[in-house]
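J.: Quick one: the structure is below, questions incoming.
The values are calculated or read from the model by the stated rules, or taken from the named source; none is laboratory data. Treat the numbers as computed from the prediction; the structure is a model and nothing was measured. Cβ placement follows ideal geometry from the backbone for every residue including glycine, while neighbour counts extend to all protein chains displayed.
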Amino acid sequence: MPELPEVETIVRDLRPHLRGRRLEAVLSLNPVVLRFPSADSFRAAAEGAVFGALTRRGKFIHAPLSSGDQLVVHLGMTGTLTLEEEAAPVRPHTHLRLRLDSGRELRYRDPRRFGRVLLGSARQLAKAGLLPPLGPDPLDRTFHAWPENGQVRRSRRVVKAVLLDQRALAGCGNIYADEALFLARLRPTRTAASLSASQWARLGAALTVVMREAIRRRGTSFSDYRDGFGARGEAYESLLVYGRAGLPCVRCGRTLVSRRTAGRATVYCRWCQR
DNA sequence: AACGAGTCCTGATCGC
DNA sequence: TGCGATCAGGACTCGT
């Protein structure tokens, strides 16, 4: 399940290999993952365009094209975006294949099809409501002040729900929400409004630490995640709570519990997180 | 306002 | 061994 660190790893991997490369042909395109525009328009707009430098915003990958359009990819739960040799076998659930003038292919694969692909100008995409508003990104230099939005701070929602809300915070998913809450020693079921200023500061710092550490390890390979070259990341070994329900807390040794919070499986330590 | 539930979807895992 | 049920969840919609 790609979250910010996984998407950032993919963007960093692909950026130098895509920049300046000409998109020669759309070899295949499954319309079910294409949210905008039509398949025909996609081909017409994509073929012949030259890639600029990839960027990331939250969990979205933005690839600017020489035409002024951008190719936008969200990986959903199981999406991968990889650069492969032409001769490499095409795996099942590959929904998009773009041939580059380097002789390689940019391939988008997504078994569960929760991801999506868009192509258009920023204006077009925003107008169509396809680029939802995103909150501050934990890698932004100004993130230390998060959340500046008083509505977020005063919200009666549980803090876990706030972390998963892309309008309040961009790029966080279930894994790193649990990890950050553990590091900040905060119970996921606390309401946002109950957090003190220093607790918010702790949480913001924890988010940055958790994300940066995961990027350093090239992302968490839980099941489907692969980096831009199809390799696994190694952050899974360093997860402290996610996927460790029933195992001892690394800090106090007591058993970690799992319960459903904000509609998601949530693992925490009842002793360390209050 | 904010929650839960349902929706999309496939694959891993579990119980019988 | 094999098969059906269950669970996983990002983002969205809908009902309460």
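J.: Can you tell which of A:Val26, A:Val32, A:Val50 is among the hydrophobic types (A, V, I, L, M, F, W, C), over 16 Å from A:Ala170 (Cα atoms) and within 16 Å of DNA strand B (Cβ to nearest atom)?
T.: Result: A:Val32 is the single residue among A:Val26, A:Val32, A:Val50 that is among the hydrophobic types (A, V, I, L, M, F, W, C), over 16 Å from A:Ala170 (Cα atoms) and within 16 Å of DNA strand B (Cβ to nearest atom).
J.: Take the stretch A:176-192 and flag every residue that is among the charged types (D, E, K, R) and buried (at least 24 other Cβ atoms within 10 Å of the Cβ).
T.: Once the filter is applied, which keeps residues that are among the charged types (D, E, K, R) and buried (at least 24 other Cβ atoms within 10 Å of the Cβ), the stretch A:176-192 yields A:Asp178, A:Glu179.
J.: So, restricting to strands (runs of 3 or more DSSP E) that lie completely within the stretch A:73-163, which ones have at least 2 residues that are modelled with pLDDT of 90 or more and of a type in the set (Ser, Thr, Tyr)?
T.: A:80-85
J.: Looking at the stretch A:73-95 only, could you name the residues that are among the hydrophobic types (A, V, I, L, M, F, W, C) and closer than 15 Å to A:Phe114 by Cβ?
T.: A:Val73, A:Leu75, A:Met77, A:Leu81
J.: Now for a separate question. Given the conditions (1) within 16 Å of DNA strand C (Cβ to nearest atom); (2) under 30 Å from A:Asp140 (Cβ atoms), report the number of the one that A:Arg15 does not fulfil.
T.: Status for A:Arg15: all satisfied but (1).
J.: If you don't mind, there's one more thing I want to ask. Just a yes or no: is a residue in the stretch A:36-46 in the same structural domain as A:Val90 (by TED's automatic domain parsing), touching a residue at least 12 places away in the same chain (Cβ under 8 Å) and within 16 Å of DNA strand C (Cβ to nearest atom)?
T.: Taking every residue of the stretch A:36-46 in turn, at least one turns out to be in the same structural domain as A:Val90 (by TED's automatic domain parsing), touching a residue at least 12 places away in the same chain (Cβ under 8 Å) and within 16 Å of DNA strand C (Cβ to nearest atom).
J.: Residue under question is A:Leu164, and the condition is that it be more than 12 Å from DNA strand B (Cβ to nearest atom) and surrounded by 15 or more Cβ atoms within 10 Å (Cβ to Cβ); does it hold?
T.: No, not satisfied.
J.: If you check A:Arg109 against the conditions, is it within 16 Å of DNA strand C (Cβ to nearest atom) and either without any contact (Cβ under 8 Å) to a residue 40 or more places away in the chain or among the small types (Gly, Ala, Ser) (or both)?
T.: Considered against the rule, which asks whether it is within 16 Å of DNA strand C (Cβ to nearest atom) and either without any contact (Cβ under 8 Å) to a residue 40 or more places away in the chain or among the small types (Gly, Ala, Ser) (or both), A:Arg109 comes out as yes.
J.: Condition first: within 16 Å of DNA strand C (Cβ to nearest atom), surrounded by fewer than 21 Cβ atoms within 10 Å (Cβ to Cβ) and free of Cβ contacts under 8 Å to residues at least 12 places away in the same chain. Can you find one or more residues in the stretch A:54-64 that meet it?
T.: Yes, the stretch A:54-64 contains a residue that is within 16 Å of DNA strand C (Cβ to nearest atom), surrounded by fewer than 21 Cβ atoms within 10 Å (Cβ to Cβ) and free of Cβ contacts under 8 Å to residues at least 12 places away in the same chain.
J.: Pick from the stretch A:219-247 the residues that are basic (Lys, Arg) and modelled with pLDDT under 85: which of them is surrounded by the fewest Cβ atoms within 10 Å (Cβ to Cβ)?
T.: A:Arg232
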